[in-house]
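Student: Here it is, the structure in full.
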Amino acid sequence: MKKDLLKLLDLTSEEILKILDTADTLKDLRKRGIQHPFLAGKTLAMIFEKSSTRTRVSFETGIYQLGGNGIYLSDKDSQIGRSEPVEDTARVLSRYCDGIMIRTFAQEEVETLAKYATIPVINGLTDFCHPCQVLADLQTIREHKGKLEGLKLCYIGDGNNMANSLIVGGLKCGMKVSIGCPDAYRPDPQVLKFAEEYPGMLQVTPDILEAAKDADALYTDVWASMGQEGEATERRQVFAGYQINAEVMSVAAKDAMVLHCLPAHRGEEITAEVFEAHADEIFDEAENRLHAQKAVMYLLMKD
């Protein structure tokens, strides 16, 4: 049966941990200079309706390191959703390629693509969720802390796709999750409904100091994501107090780490001082996009 990575809600805790374990193994092989062409001869179609530095480079490099080939399709190169229905693009690419990665706006488009494709589909980002980023985040936290279960993860900012996926991934891996966000920018109701399965493990509050209290890992994202540029001025006013800074760090655990999915706007969602103090952790996180996504490609495309 074909498998996809559409959202972390679809995965069990065991499946998430298997991806993380595989990512660690592939990272170790890479660090030791051991070639691992496990997907030799395989081709990944990469559809980008939203541009990206990290997503493109990590997927294209990753499929190459696994012995395969990546084909980049921008919104100018592909007819998906314009002159051709999504379901027809899925059928055509299924005849040519061995996997599809798509980075787009609507989650529905990813779900439709997977419904009609006969090859694995990987969600590289939608407005609803960012599963590949959070797999890399979890890998990074586990590397630095030695575990996930029992830790507290705090996210500060917009209750966006990052907040949605961090809640799901964190709870499924045994972490307590707190979200510090304005009441009007809470995470998706579907995700909050899911969290009811983990009573007492999720906190959503507009008070960022309450959210950050005793956190083992602090996380933030830009205030205006791609596609929200027209709201940037309004969002700067709404989120002006939602920043990881020295005061927030003072209430977190003494050895708290800081993560950011990048790009970072120093002086807005995070101060330059905090960012630079935790730059090693943040760029370990960025590197782990490569390893986590290689694990996803390997596990989905190897057969």
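Student: Dividing the Cα convex hull volume of the chain by residue count, how many Å³ per residue is that?
Tutor: Details: hull volume 37.9 nm³, N = 303.
Cα convex hull per residue, to the nearest whole number: 125 Å³.
Student: Around Pro120, what is the net charge, scoring Lys/Arg as +1 and Asp/Glu as -1 over all other residues with Cβ under 9 Å from its Cβ?
Tutor: On the way: positive: Lys2, Lys3; negative: Asp4, Asp98.
Local charge sum for Pro120: 0.
Student: I'd like the FRET efficiency for Leu209 and Ala232, computed as 1/(1 + (r/R0)^6) with the beta carbon distance as r and R0 of 25 Å, rounded to 0.05.
Tutor: On the way: r = 26 Å, r/R0 = 1.02.
Once rounded, the FRET efficiency stands at 0.45.
Student: Do the sum for the chain: with -39,500 (n - 2.57) for every DSSP H run of n ≥ 4, divided by all residues, what is the mean residue ellipticity at 222 nm, to the nearest 500 deg cm²/dmol?
Tutor: On the way: 12 runs with 133 residues, N = 303.
Value at 222 nm, helices only: -13500 deg cm²/dmol.
Student: What's the magnitude of the charge dipole for the stretch 158-209 around its Cα centre, counting Lys and Arg as +1 and Asp and Glu as -1 at the beta-carbon? Answer in Debye, nearest 20. Don't skip to the end; give the middle numbers.
Tutor: Values: 4 positive and 6 negative charges, 34 e Å.
With Lys and Arg at +1 and Asp and Glu at -1, about 160 debye.
Student: Which order results if Val57, Val191 are arranged by neighbouring Cβ count within 10 Å, fewest first? Could the numbers behind the result be given before it?
Tutor: Working: Val57 12, Val191 25.
Exposure proxy ranking, most exposed first: Val57, Val191.
Student: A further question follows. Count charges around Gly67 for me, please; just the other residues with Cβ under 14 Å from its Cβ, Lys/Arg as +1, Asp/Glu as -1. Please report the intermediate quantities before stating the final value.
Tutor: Values: positive: Arg30, Lys42, Lys294, Lys302; negative: Glu60, Asp98.
Spelling it out: positives minus negatives among the neighbours equals +2.
Student: Okay, moving on. Convert each backbone phi in the stretch 188-202 into a coupling constant with the Karplus relation 6.51 cos²θ - 1.76 cosθ + 1.60 (shift: θ = phi - 60°), then list the ³J(HN,Hα) values in order as whole Hz, x for Gly and Pro.
Tutor: 4, x, 4, 6, 5, 5, 4, 5, 5, 6, 10, x, x, 9, 10
Student: Go ahead and run the numbers for FRET between Glu149 and Ser83, Cβ-Cβ distance against an R0 of 51 Å, rounding to 0.05. All intermediate terms of the calculation are to be shown ahead of the outcome.
Tutor: Working: r = 49 Å, r/R0 = 0.96.
Between Glu149 and Ser83 the formula returns 0.55.
Student: Taking a quarter of the surface of the convex hull around the Cα atoms of the stretch 169-247, what do you get in nm²?
Tutor: Numbers: hull surface 24.0 nm².
The Cα convex hull of the stretch 169-247, projected and averaged over all directions, gives 6.0 nm².
Student: Separate question: To one decimal place, what Kirkwood hydrodynamic radius in Å is obtained for the stretch 133-285 from all pairs of distinct Cα atoms? All intermediate terms of the calculation are to be shown ahead of the outcome.
Tutor: Details: mean 1/r = 0.0660 Å⁻¹.
It works out to 15.2 Å.
Student: Treating only the Cβ of Lys, Arg, Asp and Glu as charged (+1, +1, -1, -1), what charge dipole size does the chain show about its Cα centre? Round to the nearest 20 debye. Walk me through the numbers before you get to the answer.
Tutor: Values: 34 positive and 47 negative charges, 207 e Å.
With only Lys, Arg, Asp and Glu charged at Cβ, the dipole is about 1000 debye.
Student: What value in Å³ per residue do you get for the convex hull of the alpha-carbon atoms in the stretch 1-85?
Tutor: Values: hull volume 12.0 nm³, N = 85.
In the stretch 1-85, the Cα convex hull volume per residue is 141 Å³.
Student: What FRET efficiency comes out for the pair Glu276/Asp10, r = Cβ-Cβ distance, R0 = 35 Å, nearest 0.05? Mind dumping the intermediate values first?
Tutor: On the way: r = 37 Å, r/R0 = 1.06.
Between Glu276 and Asp10 the formula returns 0.40.
Student: Under a Cβ-Cβ cut-off of 10 Å, what is the net charge of the residues other than Ala215 that fall near it, where Lys and Arg count +1 and Asp and Glu count -1? Don't jump to the answer; show the numbers that get you there.
Tutor: Working: positive: Lys152, Lys176, Lys213; negative: Asp214, Asp216.
Combined, the nearby Lys, Arg, Asp and Glu give +1.
Student: With angles folded into 0 to 90 degrees, how steeply does helix 107-116 sit against the dominant principal axis of the chain? Use alpha carbons for both and round to 10.
Tutor: The answer is roughly 30 degrees.
Any read-out appearing in this document is the output of simple, stated calculations on the displayed coordinates, not a laboratory observation. Computed from a predicted model, the values in this text were never measured in an experiment. Note: ideal-geometry Cβ built from the backbone for every residue, glycine included; neighbour counts use all protein chains shown.
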